[in-house]
Amino acid sequence: MSSTIELETRIYDLLGSVIDPELGRSVTELNMVTGIHVSGKQNVTSVCDFDNSYPTYDVTISIELTVPDCPLAQVITQRIQSAVKKYPNANLVPHVNISAMSKDKLAKLVSDLKEERKENPFNKNGVKTRIFAIASGKGGVGKSSITANLAATFAALGYKTAAIDADVYGFSLPRMFGVTSQPTNLNGMLMPVEAWGVKLISIGMFAGTDRAILWRGPRLQRSLEQFLCDVWWADPDVLLLDLAPGTGDMALAVAQSLPNVELVVVTTPQPSASDVAVRAGLMALQIPVNVRGVVENMSWFENNGARLEIFGSGGGKRVSDQLCKALGKNVPLLAQIPLDTSIREIGESGRPAVLKKDGSLANSQLANTFIQLAKALMETVK
């Protein structure tokens, strides 16, 4: 067996696979591992999972997290224990001691991370994050519920998913995800709140639900810049933005800040909604934004096997056809979402309706529809 010093070195290398859930970097890269101590061989007879043919060691690992009483301490501890137990040709019994970084060490870490993110991290060459802005011509078409359930679907499918509630006046994503806490502030750098596998930020986390937001123009654009630059997103696979209805200041700010954004237009079937939804897509004639497709919400209601088209029919296809003609490109009807009471009932409880209580995707037609929508969005546009 190698010396304990060599064993400690190899364990340190193993910890390079342990990722901090908030920062998206390994605990070794973040300099969180402050000590590894391997003690002598232990009696293995009391540990049923171990192989008696291998020597057994106690391993004490000291970790410094960013803040005292870190809510993710248990998750990180479990990941460290799992990584250490994978060591080959030896039985290792891990013990993890958790403490908090000093103010100076935390300040240096934040400074180093901010140095990497001086500018909008999603506005750089080589960025692989797919960015979808969920838009609508008018309110009341279910745009935010589409955003919430789509984000939850992406996360449940294994994508690293983030969502920005860019509907500053009508923020609703925190309620739909059951979020009541504020983001952790690390010396001016915000850690997004994670719920149902989605990293989330919203002005509602700071303003409270009973406060009216009266921002306009530059103030709105600055809020988006802060959400993009001052929040540590840790390179998500997918970023969703829930836009305010219409074609106002925030839509313009998104197009300017995120040149790779893809617009998804949400409408309901009736002409009074679909005619207005077309205007949201026609932004692409004036600002550099790619319209990815159309989603028709509340398409029908299932009643004893019969489809009741309460709001009429054909709105999504009308929007798709008009945008195809106006933009001179394919703008497909990506999905038709039925009017489903579970979206309201489960969503109001703080859980997206596509998910079971354990966070896995539900075995329902609604969940299947969102799965197909997510897959369609991630396809490469030809």
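Here, each number is a calculation from the coordinates, and none is a lab measurement. Here the structure is a predicted model, which is why all the values come from computation and not from measurement. When we count neighbours, we look across all protein chains shown, and the Cβ atoms used for this are built from the backbone with ideal geometry, even at glycine.
Please compute the modelled spin-label separation between ARG222 and ASP69, points set 7 Å along Cα→Cβ, answer in nm with one decimal. It works out to 3.3 nm between the two label points.
Between SER342 and GLN286, what FRET efficiency comes out of the Förster formula 1/(1 + (r/R0)^6) with R0 = 30 Å and r the beta carbon distance, rounded to 0.05? The calculated FRET efficiency here is 0.20. Bridge orientation summary for segment 281-382: considering DSSP beta bridges with both residues in this region, about 50 percent are antiparallel. Under a Gaussian network description of the chain, with springs only between Cα atoms under 10 Å, the residue in ALA280, ALA244, ALA90 that fluctuates furthest is ALA90.
Once Rh is set to the Kirkwood radius over Cα pairs, what Stokes-Einstein translational diffusion coefficient, in µm²/s, holds for segment 136-180 at a temperature of 20 °C and a viscosity of 1.002 mPa s? Intermediate results must be reported in sequence, preceding the final value.
Details: Rh = 11.3 Å.
Rounded, D is 189 µm²/s.
Just the projected area, averaged over all directions, of the convex hull on the alpha carbon atoms of segment 4-101: how many nm²? It would help to have the intermediate numbers written out before the result.
Details: hull surface 24.4 nm².
With every direction weighted equally, the projected area is 6.1 nm².
Once the chain from ALA326 to SER313 is taken as fully extended at 0.36 nm per residue, the excess over their C-alpha distance is 2.5 nm.
Taking R0 as 45 Å, what's the FRET efficiency between LYS124 and THR60 from their Cβ-Cβ distance, rounded to 0.05? Mind dumping the intermediate values first?
On the way: r = 41 Å, r/R0 = 0.91.
That gives a FRET efficiency of 0.65.
Per residue of the chain, the DSSP helices (runs of n ≥ 4 H) give a summed -39500 (n - 2.57) that works out to -10000 deg cm²/dmol at 222 nm.
Pairs of alpha-carbon atoms within less than 8 angstrom and 6+ residues apart define the contacts here; what relative contact order does the chain have, in percent? The normalised contact order for the chain reaches 16 percent. Axis angle, to the nearest 10 degrees, between helix 315-327 and the longest C-alpha principal axis of the chain: 90 degrees. Across segment 130-378, the volume of the C-alpha convex hull divided among the residues equals 121 Å³ per residue.
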